Amino acid sequence: MHRNPAAMKKSTHVWRSPTLGIDMPVAVYGTWGVPMLFFPTASADFEEYERFNLISAISSHIDRGAVKVYSINTINSMSWFDETIHPAERARRQALYDAYVGREVIPFIHNECNGWQPICTVGASMGAYHALNTLLKHPGDVRSCIGMSGIYDMRRYMNGYFDENCYFNNPPDYLSGMHDHDLLEQIRRTRINLIVGRGPWEHIDWTQSATDALSSKSIPVNMDVWGHDVSHDWPWWKTELNVYIPRLFG
């Protein structure tokens with residue numbers, strides 16, 4: 001049985017993002033350990049993982065100091081998911097979100113950890129896109145990721161439109177055009193884990209496409225396909241993290 005997450009150390013930090021111009025909160029769970037940056041699913045917020053008891057489910061790893069969790073908001077409802085704006089604006093806002101993560105969240109994590117620490121990004125469903133995209137954009141700081149039941153190709157939100165922001169925020173596209181040797185070598189030293197089940201609401205083809213795009217650049221990737229009983233849902237994401245946290249971080 002997992003104890004109430006209220007018993008563990010939790011702090012909430014909010015600042016007005018100079019990059020986005022809106023208040024952006026961060027929930028921090030734990031005291032020390034490898035920093036794990038969690039991106040919520042779909043249009044949910046920074047406390048989604050707590051509400052769905054995933055933080056409680058991994059509390060033993062937080063308590064023993066293996067990991068420390070940083071959970072943030074996305075702006076999906078104002079970017080990729082906003083059908084009232086042109087796809088060019090959706091992609092521009094996603095580019096700003098990535099800048100927010102790179103300029104504000106990653107330095108916050110290092111400062112909060114009292115120095116540089118290799119970060120692991122984590123996300124399920126749409127959060128998996130952000131987890132992988134953030135690693136690929138910031139491999140000097142993000143050294144591993146865990147993507148569960150992921151969506152990795154954003155073209156479905158572009159409605160046939162394509163520009164530079166679309167290109168640089170869609171992993172299958174910018175990976176195909178990536179030729180910077182030093183950047184590729186940095187990425188090749190990371191640990192990318194993409195997990196997907198064969199059960200209801202899962203899309204193995206989405207994870208396979210992302211794996212193929214990474215493999216085409218000789219980037220090691222662990223595509224882990226689970227069974228036909230494994231669905232696109234919280235109980236399985238809890239189980240997957242309880243397998244991967246000790247596997248990656250002891």
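Please treat every number below as a calculation from the coordinates, not as lab data. Note that the structure is a prediction, hence the values are computed from the model and not measured. Please note: Cβ atoms are built from the backbone with ideal geometry, for glycine as well, and neighbour counts cover all protein chains shown.
For this structure, a couple of remarks:
- Evaluated over the chain, the count of Lys pairs having alpha-carbon atoms less than 24 Å apart is 7 (only pairs 8 or more residues apart or interchain).
- Burial order of peptide ranges 43-55, 182-194 (average beta-carbon count within 10 Å, highest first): 43-55, 182-194
- Extension reserve of the E89-S11 stretch, reckoned as 0.36 nm per residue once the Cα distance is removed: 24.7 nm
- Quotient of Cα Rg and 2.2 N^0.38 Å for the chain, N being how many residues it contains: 0.95
- Between D180 and E47, the C-beta separation translates, for a Förster distance of 30 Å, into a calculated FRET efficiency of about 0.20.
- For the pair D224 and R103 in one chain, pulling the backbone fully straight at 0.36 nm per residue adds 40.4 nm over the alpha carbon distance.
- Highest average first, the peptides 208-214, 111-117 ordered by how many other beta carbon atoms sit within 10 Å of their residues are 208-214, 111-117.
- Taken over segment 5-61, the percentage of Cα pairs per 10 Å bin, counting from 0 up to the bin with the maximum distance, is 20, 53, 24, 4.
- Relative contact order of segment 172-218, defined on C-alpha pairs under 8 angstrom at six or more residues apart (%): 50
- Radius of gyration and Dmax over the Cα atoms of segment 59-111, both given in Å: 15.3, 47
- With both labels modelled 7 Å from their Cα along Cα-to-Cβ, the I22 to R198 distance reads 4.0 nm.
- Span from the segment 146-214 Cα centroid across to the segment 12-41 one, whole angstrom: 23
- Dividing the mean sequence gap of close Cα pairs (under 8 Å, 6+ apart) by how many residues segment 56-205 holds gives a relative contact order of 21 percent.
- The charge dipole of segment 5-249, taken about the Cα centre with unit charges on the Cβ atoms of Lys, Arg (+1) and Asp, Glu (-1), comes to about 580 debye, rounded to the nearest 20.
- Only helices enter this figure: runs of n ≥ 4 DSSP H residues, each worth -39500 (n - 2.57), summed and divided by the residues of the chain, yield -10000 deg cm²/dmol at 222 nm to the nearest 500.
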